[in-house]
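Engineer: Input: one structure, supplied below.
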Amino acid sequence: MSDAIDGLCVTRAGPLALLQDAGRCGVRRLGVTQGGPADQHGWAWANHLVGNAWGTPALEVTFGGLELVAERALVVAVAGADLAATLDGEPLPGWRSLAIKAGQRLAFDTPVNGLRAYLAVAGGFSAPPVLGSVSCVVREGLGGHDGQGQRLVEGDRLRVTPCRAGSGRERAGEAPPQEAIDYRQPAVLSLLPGAQVGEFSGESLYRAFNMPWRVDDRADRMGVRLAGPPLHCRVTSMISEGIGLGAVQVPPDGQPIALLNDRQTIGGYPRLGALTPLACSRLAQCLPGQEVRLKAVPSERALDEYRRFRRTFA
């Protein structure tokens, strides 16, 4: 952080704005969760558009309500959800990079399309790593802009790493070879069947993969509860197992819970399977009440899809 400089000052704090890099890997054996961007797709594109390498910290803005003032000239990009972002009161185009000047005001309002937006700056945000990552996990008090696991509040300053030649300013105005995603459409979530899938009744499996689910109000970075027809499993008690990203647990009430980045490290409910990383990203953009469907996929297809995604940012 020795070469970091002040980049943005928080003048109005939204409900949840957190610094996230690729996540805190290799520490779940210590009981520490991974953190990282809930929507890896939007986070990766925001960084890519300003020339940052995979893993560079970016800001995850949930629900909006955040206002920032630039303390120097920067190249920025916003991807992921449309939170009605503006620059000095004018609409800020998403999914493209642009240069902003010192003193300009960047604001995120309420969700228009999706739930979480990602703000990246050329060179990346700079913060003290904790257990090898700056990803902010509020529950565990780890990471973030201050290393203490705190969301942004009014008066906080976000420091940035000066961008190297050949990135950032030279890329201002560049757009990705895709259109912004309409997160308001029903989502089809790819799921890898899990070890206990055979313990669910045939009727439950039919319901799971052929009927729509609704995103419940009980949803956060730890997990998303899905509301729909109850699923029944013959397994009623288990020894707790390690929980990976996207694990779909089914508690006794039969309503599945898809576990995301800030999940617990172990769990004892039977699992229908696990959502793929890109399915987790899509689910993380769903507002309460939205419809989703589960689609069983083989591991080879899921791996191929994720490899294609990662090659985009190699």
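The values are calculated or read from the model by the stated rules, or taken from the named source; none is laboratory data. Keep in mind it's a predicted model, so treat the numbers as computed, not measured. Because the Cβ atoms are built from the backbone with ideal geometry, glycine has one as well, and the counts that use them run over all protein chains shown. Only protein heavy atoms, including side chains, enter the accessible area calculation; ligands, DNA and RNA are left aside. Shrake-Rupley method; radii C 1.70, N 1.55, O 1.52, S 1.80 Å.
Engineer: If I compute solvent accessible area with a 1.4 Å probe over the protein chains, what percent of it on the chain is carbon and sulfur?
Structural biologist: Carbon with sulfur: 52 percent of the solvent-accessible area.
Engineer: Counting only C-alpha contacts under 8 Å and six or more residues apart, can you give the relative contact order of the chain as a whole percent?
Structural biologist: Values: 869 pairs, mean separation 63.5, N = 314.
Dividing the mean separation by the residue count of the chain yields 20 percent.
Engineer: To continue, here is another question. Hey, what did the stretch 187-312 get for relative contact order, percent, Cα under 8 Å, at least 6 apart? Mind dumping the intermediate values first?
Structural biologist: On the way: 266 pairs, mean separation 47.6, N = 126.
Relative contact order of the stretch 187-312: 38 percent.
Engineer: Can you give the accessible area per residue of the chain, in Å², using a 1.4 Å probe? Let's see the in-between values first.
Structural biologist: Details: 13410 Å² over 314 residues.
Dividing the accessible area of the chain by its residue count gives 43 Å².
Engineer: Of the residues Asp216, Asp39, Asp21, which exhibits the maximal mean-square fluctuation in a Gaussian network model of the chain defined by a 10 Å Cα contact cut-off?
Structural biologist: Asp216
Engineer: Suppose R0 equals 22 Å. What FRET efficiency, 1/(1 + (r/R0)^6) with r the Cβ-Cβ distance, do Ser237 and Glu203 give to the nearest 0.05? Provide the component values of the computation, followed by the final result.
Structural biologist: Working: r = 22 Å, r/R0 = 1.00.
Efficiency for this residue pair is about 0.50.
Engineer: How about the stretch 173-266: which GluC sites (Glu not before Pro) there lie in a loop by DSSP and see at most 16 other Cβ atoms within 10 Å?
Structural biologist: Details: sites: Glu174, Glu179, Glu199, Glu203, Glu241; in loops: Glu174, Glu179.
Hits after loop and neighbour filter: Glu174, Glu179.
Engineer: I'm checking a number: the convex hull volume of the Cα atoms of the chain, normalised per residue, in Å³. What is it? Intermediate results must be reported in sequence, preceding the final value.
Structural biologist: On the way: hull volume 38.4 nm³, N = 314.
Measuring per residue, one finds 122 Å³ for the Cα hull of the chain.
Engineer: Turning to a different aspect of this structure: Just to be sure I follow the definition: excluding the sites themselves, where is the longest run in the chain that has none of the trypsin sites (Lys or Arg not before Pro) in a DSSP loop with at most 16 other Cβ atoms within 10 Å? The partial results should precede the final answer.
Structural biologist: Numbers: sites that count: Arg72, Lys101, Arg139, Arg164, Arg184, Arg234.
Maximal segment without exposed cleavage sites: 235-314.
Engineer: While we're on this one: What shape does the stretch 1-112 have by the C-alpha gyration tensor, where a ≥ b ≥ c are the square roots of the eigenvalues, rounded means a/c under 1.5, and otherwise prolate means a/b greater than b/c and oblate the rest?
Structural biologist: Working: a/c = 1.73, a/b = 1.49, b/c = 1.16.
Here the stretch 1-112 falls in the prolate category.
Engineer: Can you work out the FRET efficiency for the pair Ala227 and Ala296, with r the C-beta to C-beta distance and R0 = 30 Å, to the nearest 0.05? Intermediate values should be presented prior to the final figure.
Structural biologist: Values: r = 20 Å, r/R0 = 0.67.
E(calc), rounded to 0.05, equals 0.90.
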